[in-house]
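The values are calculated or read from the model by the stated rules, or taken from the named source; none is laboratory data. Predicted model, so just to flag it, every value in this text is computed and none were measured. Here the Cβ positions follow ideal geometry from the backbone for every residue, glycine too, while neighbour counts run over all protein chains shown.
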Amino acid sequence: MNLNLRHAVLANVSENTPAQLEDTIVDAIKSGEEKMLPGLGVLFEVIWQTANEADREEMLQILEQGLKK
């Protein structure tokens, strides 16, 4: 991924409220557009990097469950 893209995504949402962040995520998922995937990846990267080990394990379990559906 291009670091300029990562920087642009972070700059776009850095001052968003939790509600605005949720809207961004929901809109990106609902749109189903491939071009939104890198932005969601950047947001997930932030979540992963700031999560503690227990939170990471929980995310992995949720992901595993979601993939089995």
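Table for the structure above
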| read-out | value |
| --- | --- |
| Members of region 24-39 found to be among the acidic types (Asp, Glu) and assigned to a helix (DSSP H, G or I), listed by number | Asp27, Glu34 |
| Condition met for Ile47 (without any contact (Cβ under 8 Å) to a residue 60 or more places away in the chain, farther than 16 Å from His7 by Cα and surrounded by 10 or more Cβ atoms within 10 Å (Cβ to Cβ)) | no |
| Yes/no for Val42 being touching a residue at least 24 places away in the same chain (Cβ under 8 Å), in contact with a Gly (Cβ under 7 Å, 6 or more places away or on another chain) and in a helix (DSSP H, G or I) | no |
| Odd one out for Val42 among (1) out of contact with any Leu (no Cβ under 9 Å at 6 or more places or on another chain); (2) surrounded by 10 or more Cβ atoms within 10 Å (Cβ to Cβ) | (1) |
| Qualifying residue in region 22-39 (condition: surrounded by 12 or more Cβ atoms within 10 Å (Cβ to Cβ) and touching a residue at least 24 places away in the same chain (Cβ under 8 Å)) | yes |
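Residue-by-condition table, conditions (1) modelled with pLDDT of 95 or more; (2) assigned to a helix (DSSP H, G or I); (3) within 14 Å of the chain's Cα centre (by Cα):
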| residue | (1), (2), (3) |
| --- | --- |
| Met1 | no, no, no |
| Asn12 | yes, yes, yes |
| Glu22 | yes, yes, yes |
| Asp55 | yes, yes, no |
| Glu58 | yes, yes, no |
| Gly66 | yes, yes, no |
